[in-house]
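Report on one structure; see the data block that follows.
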Amino acid sequence: MMKTITIKAIAVFLATSLMGSAALAQTSVIHAGQMINVETSRVEKNQYIFIEGGKIKGVGSKVEILSMEGANDAKFIDLSAYTVLPGLSDSHVHLTADARVHGYKQLTISTPRAAITGVVNAKLTLMAGFTTIRNLGAPGFADVDLMHAIEDGDIAGPRVIPAGRSIGITGGHCDNNLLPYEFHETAGGVADGPWAVRAKVRENNKYGAKVIKFCGTGGVLSKGTKIGAQQFSFEEMKAIVDEAHLLGLKVAVHAHGEDGINTAIRAGVDSVEHASFISDAGIKAAKKKGTYLSMDVYVSDYILSEGEAVGILAESLDKERLVGKKQRERFQAAVKAGVKMAFGTDGGVYPHGDNGRQFAYMVKWGMTPMQAIQAATIGNADLFGLKEEIGSIRVGKFADIIAVDGNPIDDIQELEDVDFVMKAGVVYKVTP
């Protein structure tokens, strides 16, 4: 006979466990009062979700689910007063980065310290309802080790797709330009020339990277770089993309400026990060090639309000003042044109766990609430190459399921405070 687990009972259990406990990784049935079906763009009422072995075995009415073998012996989780939806994903975060540490303060952070920060931030991100993330750059492949620690059950965190070390030109956005010449400091992902960048892709693959990230223009937070200036020639970008694709890895390019964006799209990147000054021609090219745009339209508010206090350089604040509104306007144009849009926030520049704040900005600048949710679910799943595993509540996919006590289709800010988090059938968070 099915045994009901009340929300309050789960909350008490989690409060006494370190990270959610494998004890809850069991066969269960969830009663969803409302369920957002991101594949059909509909909100469905009174749906039952049968979970076994960490995956979804059935979705349907009470009668349909309870007629399935094993369902009556499952633990029953009552979310009848909640809106249930797939676990969210973020296509651009830096788990090992601390939002309180920017500019010259970063010189005090060792790779082991960054890794410890990553442990804290991984849990914050998961508790915010983000069950899968793409980590676009970390020192010393710390994000690869973080992925393994989460997979091994040592720590709580989202499913991690690590990029390892970001690839960039000498003196570019992905280099370390804070120290003077005497230190001869060069970031680990720096390479110049087509064969050198191929070697960096191979090295990243060797040490466990699951996606390749390179810097195709200057950046806001890098000392001495111009936001719009292209970094890497077409030949170098094409070499990075070709080598990564040979190895079965997708490619994300950091690019703000028009020339760098257009060159990267022509080279065949899978996603453009930031895309702040993308032109109409760039939007047209991205749509034609199916390139995703991952535009972090929330983070500007944090940089400009908190940046000086956390050590962001004055030149970086000046650059952000040029970028913020323009990026949001180009986001609006891209949405209107029907370009594939990812949900990517640049978590780590702002505090981890606040990822959900970006939804309201995406809606303000042109998306419907359903489109914004789809970007963070089935959209990102497609970009990650995981559309058969995550992104929707469908039979055969991982049981990555979250819930909120309101309806985010009516108020998208509901996703800023997630009440229930399950990843691969394990319950990690319940707010009674």
Within region 285-300, the count of residues that are surrounded by 15 or more Cβ atoms within 10 Å (Cβ to Cβ) and assigned to a loop (DSSP other than H, G, I, E, B) comes to 5
Taking region 159-174 and keeping residues assigned to a loop (DSSP other than H, G, I, E, B) and either small (Gly, Ala, Ser) or under 15 Å from Ile240 (Cα atoms) (or both) leaves Ala163, Gly164, Arg165, Ser166, Ile169, Gly171, Gly172, Cys174
Counted residues in region 361-415 being more than 19 Å from Thr125 (Cα to Cα), of a type in the set (Val, Ile, Thr) and surrounded by 16 or more Cβ atoms within 10 Å (Cβ to Cβ) come to 3
In region 82-120, residues that are assigned to a strand (DSSP E or B) and farther than 23 Å from Lys423 by Cα total 0
Taking first residues from region 301-321 that are touching a residue at least 12 places away in the same chain (Cβ under 8 Å) and surrounded by fewer than 19 Cβ atoms within 10 Å (Cβ to Cβ) and second residues anywhere that are among the β-branched types (Val, Ile, Thr) and not in a loop (DSSP other than H, G, I, E, B), the pairs with Cβ under 9 Å that are 6 or more apart or on different chains are Leu317/Ile303
Cβ pairs under 7 Å, 6+ apart or interchain, first in region 324-336 and of a type in the set (Val, Ile, Thr), second modelled with pLDDT of 95 or more, ordered by first then second residue, are Val335/Met341; Val335/Gly366; Val335/Met367
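Considering only region 333-349, how many residues are within 12 Å of Val297 (Cβ to Cβ) and either not assigned by TED's automatic domain parsing to the domain that holds Thr131 or not small (Gly, Ala, Ser) (or both)?
Qualifying residue count, region 333-349: 5.
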Restricting region 339-380 to residues that are touching a Ser or Thr at 6+ places or on another chain (Cβ under 7 Å) and part of a helix (DSSP H, G or I), the one nearest to Ser41 (Cα to Cα) turns out to be Met370
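Ala264: part of a helix (DSSP H, G or I), surrounded by 21 or more Cβ atoms within 10 Å (Cβ to Cβ) and without any contact (Cβ under 8 Å) to a residue 60 or more places away in the chain, yes or no? Can you show your working first?
Values: part of a helix (DSSP H, G or I): yes; surrounded by 21 or more Cβ atoms within 10 Å (Cβ to Cβ): yes; without any contact (Cβ under 8 Å) to a residue 60 or more places away in the chain: yes.
The answer is yes for Ala264.
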- State whether one or more residues within region 278-286 are out of contact with any Asp or Glu (no Cβ under 6 Å at 6 or more places or on another chain), assigned by TED's automatic domain parsing to the domain that holds Ala229, at pLDDT 95 or above and of a type in the set (S, T, N, Q). no
Filter region 25-46 for residues that are of a type in the set (S, T, N, Q) and in contact (Cβ under 8 Å) with a residue 60 or more places away in the chain; the one that is surrounded by the fewest Cβ atoms within 10 Å (Cβ to Cβ) is Ser41
Over region 61-111, the set of residues in contact with a strand residue (DSSP E or B) (Cβ under 7 Å, 6 or more places away or on another chain) and among the aromatic types (Phe, Trp, Tyr) is Phe76, Tyr82
| task | With respect to Ala81, determine if the residue is modelled with pLDDT of 95 or more, more than 30 Å from Ala275 (Cα to Cα) and not assigned by TED's automatic domain parsing to the domain that holds Asp296. | result | yes
Per the filter on region 322-331, residues basic (Lys, Arg) and either farther than 19 Å from Met362 by Cβ or buried (at least 19 other Cβ atoms within 10 Å of the Cβ) (or both) are Arg328, Arg330
So, first residue more than 13 Å from Ala342 (Cβ to Cβ) and assigned by TED's automatic domain parsing to the domain that holds Val404 in region 124-135, second residue modelled with pLDDT of 95 or more and among the acidic types (Asp, Glu), Cβ within less than 7 Å, six or more apart or across chains; the pairs are none
When restricted to Gly344, Gly338, Gly379, the only residue over 20 Å from Asp410 (Cα atoms), over 13 Å from the mean Cα position of the chain (by Cα) and of a type outside the set (Lys, Arg) is Gly338
Over region 48-62, the set of residues over 18 Å from Ala403 (Cβ atoms) and of a type in the set (Ser, Thr, Tyr) is Ser61
Within region 34-79, the count of residues that are within 27 Å of the chain's Cα centre (by Cα) and of a type in the set (A, V, I, L, M, F, W, C) comes to 10
The correct count of residues that are farther than 19 Å from Gly290 by Cβ and surrounded by fewer than 24 Cβ atoms within 10 Å (Cβ to Cβ) in region 237-256 is 4
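The values are calculated or read from the model by the stated rules, or taken from the named source; none is laboratory data. Because the structure is predicted, anything quoted here is derived from the model rather than measured. Methodologically, a virtual Cβ is constructed for each residue, glycine included, from the backbone with ideal geometry; neighbour enumeration extends over all protein chains shown.
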